[in-house]
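> If you scroll down you'll find the structure; I have some questions about it.
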Amino acid sequence: MEHELMIYNTLKREKERFIPLHSPFVGMYVCGPTVYGDAHLGHARAAITFDVLFRYLCYLGYKVRYVRNITDVGHLVDDADEGEDKIARVAKTRQLEPMEIARHYTIGYHKNMEQLNTLPPAIEPLASGHIIEQQQFIKQIIANGFAYENDGNVYFDVKNYNRQHGYGKLSGRKIDELESNTRKLDGQETKRDPLDFALWKKAAPGHLMHWPSPWGEGFPGWHVECSCMSQKYLGETFDIHGGGLDLIFPHHECEIAQSVAANKQEAVRYWMHNNLITVNGQKMGKSKGNFITLDQLFSGESDALEQAYSPMTTRFFILQAHYRSPLDFSNDALKAARKGYDRLLSAIVALDKIAPSSTGNQVEDAEIEALEQTCREALDDDLNTPVLLSRLFDGTHLIYNIMAGTRGISPGNLARLQQLYHGIVIDILGLKQETTSDTMLLGKVLDILMEVRGKAREGKDWATSDRIRDELKQAGITIKDTKEGYEWHVGNDS
Ligand code: ZN
């Protein structure tokens, strides 16, 4: 495999050449959503980032086992050991089973991810489906002396671990700093030290999700699921672990400690983290009221949105920034993304219509080679999609010149150019021709026509009103009057 894919390893804080443990097999684990609410822009960025990596690795010829979990238990409201389970809290307010909540939002997440054209992972394990494995994993950590049980809870002994292996290497946090930032124990708690984190929590009376365990009825801690499920499906050591920047601490820091404590070796070779999305410069958060769900974005139904933005517009918007850079949402940025997307995709449509021609200034082999090479270089440079897009836009000038006849191209070079654009834009960047925007546009035109028709009917101008209906029917669009207004569909009713 002739390539030099460099990826930024958060743990080493530098770009490293990607060399799989067992080429051509690659193990890749990405932290998936905690399913207690609608998927939002943050979910889209993480999913698209690792989708592009997955697609590129496959394109390079690797056989990737892509695992992304669903957190349906154990993720507490404060991301630490106190507070309610996020899913159980929603279940209580709606008087539903926690599994109904988890299922509902998992289905929504899958729908949104398909709209965004992300490829599904090969394995999508649920935390609640791996309780026995998590208990085994915890037992191993206790046996190795890095965890202790107290009153039905099991905690990870951070200080003991720190003495032997050093805690905080991923996030760069030091034990003393962490200590001064952690509140003191109030005497009611069962932890020995405020830095310790829960591997297993005792279920308080009324707690909705709990399982029997050697330590009594309880539920697993959030961090333990990812260590345990990645190990189950990818082995004790594997290539890539990804997730959002906000997961570095405590989630991924704790995962490293758990794996070393259980198996005496680190599990992950390359830690990769995507940056977050801000909204008009502000961190996105439910409490801030600037939270944009993907359903809102695609339908335009939110005060923050001037219009609807399609899934491919959203995907293009995310790809325009490097995954490690911050990305700010604004209506203007989304509108600009739509223009860019249209420009790129129409170039591909044009490219597919071009015929080889021996007249005009001939495109040379070297021009095509240079374009291929600069595109590959951008991808190999830690998936630099903004640079890649600008290279692809450079190439569109060539495409339009060939179309205009000022440049000629041989059948061989034309095939190479088509292969390059299809391979990169469609297969790796995962952008596809979008029909939904056409449908939306048609809907808007019909709204205007229907308004005109309504006015005509009010004025008893039956000729105009019938003409609109009949001509639309001839064009293959059926209109039906309803109580609320009208309905339309493409196709004629028999
Ligand atoms: Zn995780």
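> Any idea what the alpha-carbon Rg over 2.2 N^0.38 Å comes to for the stretch 199-278?
1.26
> Let me ask something else about it. Based solely on C-alpha atoms, express the radius of gyration and the Dmax of the stretch 448-491 in angstrom.
Rg then Dmax for the stretch 448-491, in Å: 10.1, 29.
> May I ask you to derive the FRET efficiency for N361 and K339 from their Cβ-Cβ distance with R0 = 25 Å, giving the value to the nearest 0.05?
0.30
> Can you give the FRET efficiency for E377 and E236, using 1/(1 + (r/R0)^6), R0 = 30 Å, r = Cβ-Cβ distance, to the nearest 0.05?
Here the calculated transfer efficiency is 0.30.
> Taking the alpha-carbon distance from K174 and a cut-off under 15 Å, which aspartates and glutamates remain once sequence neighbours fewer than 8 residues away in the same chain are dropped?
Partners found: D196, E253.
> Next question. What's the long-distance tail for the chain, i.e. % of Cα pairs beyond 36 Å?
Value for the chain: 43 percent of Cα pairs lie more than 36 Å apart.
> A further question on this structure: With no solvent and one equal point scatterer per Cα, compute the Debye intensity ratio I(q)/I(0) for the stretch 371-494 at 0.10 Å⁻¹ and report its log10, rounded to two decimals.
Cα-only, vacuum Debye calculation for the stretch 371-494: -0.60.
> Treating the beta-carbon of each Lys and Arg as +1 and of each Asp and Glu as -1, no other charges, what is the dipole magnitude of the stretch 180-258 about its Cα centre, to the nearest 20 debye?
With only Lys, Arg, Asp and Glu charged at Cβ, the dipole is about 300 debye.
> Helix check for the chain. Which DSSP H runs span at least 30 Å along their own axis by Cα, with a mean Kyte-Doolittle hydropathy no less than -1.0? Intermediate values should be presented prior to the final figure.
Values: long enough: 331-353 (33 Å, -0.19); 436-458 (33 Å, 0.00).
Those that clear 30 Å and a mean of -1.0 are 331-353, 436-458.
> I need the Debye-formula profile for the stretch 362-422: one equal scatterer per C-alpha, no solvent, reported as log10 I(q)/I(0) at q = 0.14, 0.26 1/Å, two decimals.
-0.38, -1.11
> Pop the C-beta distance of Q433 and E177 into the FRET formula with R0 = 60 Å and round what comes out to the nearest 0.05.
E(calc), rounded to 0.05, equals 0.70.
> Rounding to the nearest 20 debye, state how big the charge dipole of the chain is about its Cα centre with +1 on each Lys and Arg Cβ and -1 on each Asp and Glu Cβ. Write out the running numbers ahead of the final one.
Details: 55 positive and 68 negative charges, 17 e Å.
My answer is approximately 80 debye.
> In the stretch 6-274, if every C-alpha pair distance is counted and binned at 5 Å from zero, what percent goes to each bin?
Histogramming the stretch 6-274 at 5 Å steps yields 1, 6, 13, 17, 19, 17, 14, 8, 4, 1, 0, 0 percent.
> Further question: Given the stretch 314-428, what whole percent of its Cα pairs are spread farther than 24 Å?
29 percent
> Filter K159/K191; K169/K264; K86/K201; K288/K335; K159/K184 down to the pairs with a C-alpha to C-alpha distance above 18 Å, please.
From the list (K159/K191; K169/K264; K86/K201; K288/K335; K159/K184), the Cα-Cα distance tops 18 Å for K288/K335.
> Follow-up. Hey, which lysines would be in cross-link range of K455, C-alpha to C-alpha under 19 Å, not counting anything within fewer than 8 residues on its own chain?
K444, K480, K483
> Okay, moving on. Assuming 0.36 nm per residue, please report the length gained on full extension of the stretch D352 to Q474 beyond their Cα-Cα distance.
40.9 nm
> How many nm separate the modelled label positions at L21 and S330, each set 7 Å beyond the Cα in the direction of the Cβ?
Calculated label separation equals 4.5 nm.
> Straight distance only, please: which lysines reach the Cα of K353 with their own Cα at less than 18 Å, same-chain residues fewer than 8 apart left out?
K432
> Only Cα pairs under 8 Å and at least 6 apart count here; give the relative contact order of the stretch 439-490 as a rounded whole percent.
19 percent
> Take every Cα pair under 8 Å in the stretch 126-226 that's 6+ residues apart, average their separations, divide by the length, and report that relative contact order as a whole percent.
Result for the stretch 126-226 is 31 percent.
> Take the solvent-accessible surface of the protein heavy atoms, probe 1.4 Å, and return the percent of it on the chain that carbon and sulfur atoms account for.
51 percent
The values are calculated or read from the model by the stated rules, or taken from the named source; none is laboratory data. Note that the structure is a prediction, hence the values are computed from the model and not measured. All Cβ positions, glycine included, derive from the backbone under ideal geometry; neighbour counts span all protein chains shown. The protein model used for the area step is the full one, side chains on, heavy atoms only, and it has no ligands, DNA or RNA in it. Shrake-Rupley method; radii C 1.70, N 1.55, O 1.52, S 1.80 Å.
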